[in-house]
Structure formats: structure tokens, C-alpha cells
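Encoded as C-alpha cells, the structure appears first; notes follow it.
Each reported figure results from applying straightforward, stated rules to the coordinates on display, with no laboratory input. Since the model is a prediction, treat every value here as computed from it, not as a measurement. Reconstructed Cβ throughout: ideal geometry from the backbone, glycine too, with neighbour counts over all protein chains shown.
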Amino acid sequence: MKFLPLVWAGLRRKPVRTALIFLQVAVAFALFGVLQGMKTGVEDAIAKVRADVLFVGPSVQGAARLPLAYVQRLKSIPGVKWVSYADGVVGTYQKPNQVVFVLGIEPSDVWETLEPDLFQVLPKDLEALRRNRTGALITADIGKKYGWHVGDRIALNSTTLQTNGSGTWFFDIVGMVSDHEVGEAGFIVANYSYLDEARATDKGTVRNFYVLVSDPKQAAAVSDTIDRTFANSSAGTSTHSFRDGAQQEIQSIGDVNFAIRTIVSAVLVALLFSISTMMMQSIRERTPELAVLRTLGFGDRTVFIIVAAESLLVCIAASLAGLGLAWLAFPLAAKYVAGLTMPIAVVELGILGGVLVALIGVSVPGLRAARLNIVDALAGR
């Protein structure tokens, strides 16, 4: 603490240069916080996705739909705890551009916990759906968008025709579901039995099955068994857990981790060169002053500590400011990417990074200052 006035005086000697270093470090660590926070946030979000729920769909996109009769064979596979299914009808409400997807499910109690990654439903609403053949559950968002309320009867127009030749489907709103995606206003939940019985084609088929396994660790093995079971069927299957599906979606946009590491590394390396150059310039300008300190009895280690303290003070303060900006930005990003947060571990890593950047950046200039030849320095050589 007794050297703090000297450290502060060194920083105030060239306030513009100090401010530039501060801004550079702050911007670099704001970028670090955002990118690393997104990476860690996505990884945490994937880790929270259920691994014990399997999605069973057609083996090839656009291939034949799956027969509902697969239910019994799926239930007989070792490790399978429960099986459900879903299908859907695409319709429009009043205007052609107001598209609504009708998700048809079997209204079993398992849906209360089976699909938290798709939607959540209360027991009373699920029971209301079960009791009403033409019932439908809506999200708060779609209700707000179209002015729908529980008790309303709505009509959707669809290219999926009913057995009577009509393309108009009627639904009675009997309850609500909570969607996990913020701002989602594009689907309602209805009874599969109503959709299947009323439609003119594709009777007895489903879009996909949902399989709940007893042990999440055996999810991959059960997935392989399911696909082998139907490999020679007219409608083959492709099975993966919800967690694997989330990972595949992230991987489909490229190697995010590599891209983030590359960008962050490039920024930090550029920052190191910048800090080192500015500190070297500062040492050259202050050579006579540092020589006076040496004549007053300040040792090599003490001079190095004073110079290093200047770099540490600026870098730590700037890294905190940059990470603070990143932290404030994440609630805004979470409005568009549900559940996105910046873990405290990223902040801790950022502070550690600020310390390392300061020490590495000041190492060469600091050693030069500590090894000054007093006679040459005072002579201006």
C-alpha cells in the first residue's frame, strides 16, 4: 500500500494513454464475456435437456409416416418405460399468413412431466383436454396474439381435409399450456384421436413417438435397439435423445467452440501486444524518473512491482468493466434465446484472464525498468 501513490502517479502521468489501455481491455473482455458466456450458457442449457426422453421419427426426412401400431413393439423393448406419440395439422386462422400448428397428442398423465422441453401443462388442463374430444390447449402468447380465451370456439382452415370433405377444423379452448420458448405464438395442443378420426388420409399414423427410458445412461443403447427393430420395416426409424438432438442442432451451425476460442485468442494476443507496446513506451519516457528511484534505494524487485501494479490496476479494473457490460447484455439476449445466462465461472475466468494479460503484457517492459543502469539512464543513454 505504501507504493500506491507512486503507482497512481504513474497512471496519471499520461491520462489519455491510460484511458486508451483501459478502453482496449474493457472492450476485449466485454467480447470475451459475451462469447464465452454464450458458449458456457449453451453448454449448460444442453446439459439440462433431458437425456431419458427419446425422439423416434422417420429414418429419412420426408419418408413415410410411422404406423401407430409401433406403440406395442416400442413398449416391449427392454429399457423402455413409457411410450407416447404426436402428430399434427397445419392450419390458418382467418388470414393465410396467420399459421397455426395443431399438435395432436395422447392426453396421458405422463405429459405433465414428459415434455418440459416442449411445453408444460397442469393436471387440470390435461384432464379438460382428455374430457373434450375437440378440446385444445393454447399458450398465453397465441391467446394474446389472436384474442383467444378459455371457453372460445375457434375455426382453423387447413389443406388436410376431413372425411366429410371440409378443410375447416373446429376446436374448443379448454385450458392452457406453458411454452418453453419465449414469444412462441404458433401452436396449440389438441387430441390426436380427434385429428386421426376426422382426417380423410393418413389414418393410423403419427409424425413421431416419444419414448421414456428407465436409465438415461442406456438411452443410446435403447435408441440403437429401436432403430434395429424397425430397420426392415416399410417405415424405418431414426432415434435420438432430446439432449443429443440439442447437441446436433448446435453442431449443425459449425464448430462453435473452435470459432469462439479462435476469436477470443486473437483478441487477447492483440491486446497483449498493445499493452506491451504502450508500457514499453511509458518506460522509455520515464527512464530518468525510474533511475531516480533506483538512486533512492529502490531495488530491482520493487521497481518491477511498481510497474506491474500499474498494469494490474488498469487491466483488472477494465476487465471488470468489460465483464460488467457483458453481464448487462445477457438479459437482453435472453429475450431472444430462452434460458441464456452468463455463469459466474465466466466472470471468474475473465478476472483471472485480466491478471494474466496484465502480467504477461508488462513482463518485458517491467524487466527492462528493473534492470536500468542508473548512470546511463540519468545521462539519457
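Structural remarks
- Cut-off under 5 Å, modelled amide H: who pairs with residue 88 long-range: 104, 207
- Other-chain or far-sequence residues with amide H under 5 Å of residue 100's (modelled H): 91, 92, 93
- Most to least packed among 217-228, 134-145 [average Cβ atoms within 10 Å]: 134-145, 217-228
- Taking every alpha-carbon pair under 8 Å whose residues sit at least 6 apart, the stretch 64-235 reaches a relative contact order of 35 percent.
- Counting other Cβ atoms within 10 Å as a rough exposure proxy, the listed residues 258, 101 run 258, 101 from fewest neighbours to most.
- Equivalent ellipsoid semi-axes, the stretch 64-235, via Cα gyration tensor eigenvalues times 5, rooted, Å: 29, 20, 14
- Under-5 Å amide H pairs with residue 238, H placed in peptide plane, nonlocal only: 57, 59
- Among 307, 99, 110, the ranking by other beta carbons within 10 Å of each residue's beta carbon, starting with the fewest, stands as 99, 110, 307.
- The string of couplings for the stretch 87-98 from the Karplus curve (6.51, -1.76, 1.60, θ = phi - 60°) is 8, x, 10, 9, x, 10, 10, 6, 10, x, 8, 9 Hz, one whole number per residue in order, with x for Gly and Pro.
- When the pairs 48/81; 81/217; 95/145 are compared against a 18 Å limit on Cα-Cα distance, 48/81 fall above it.
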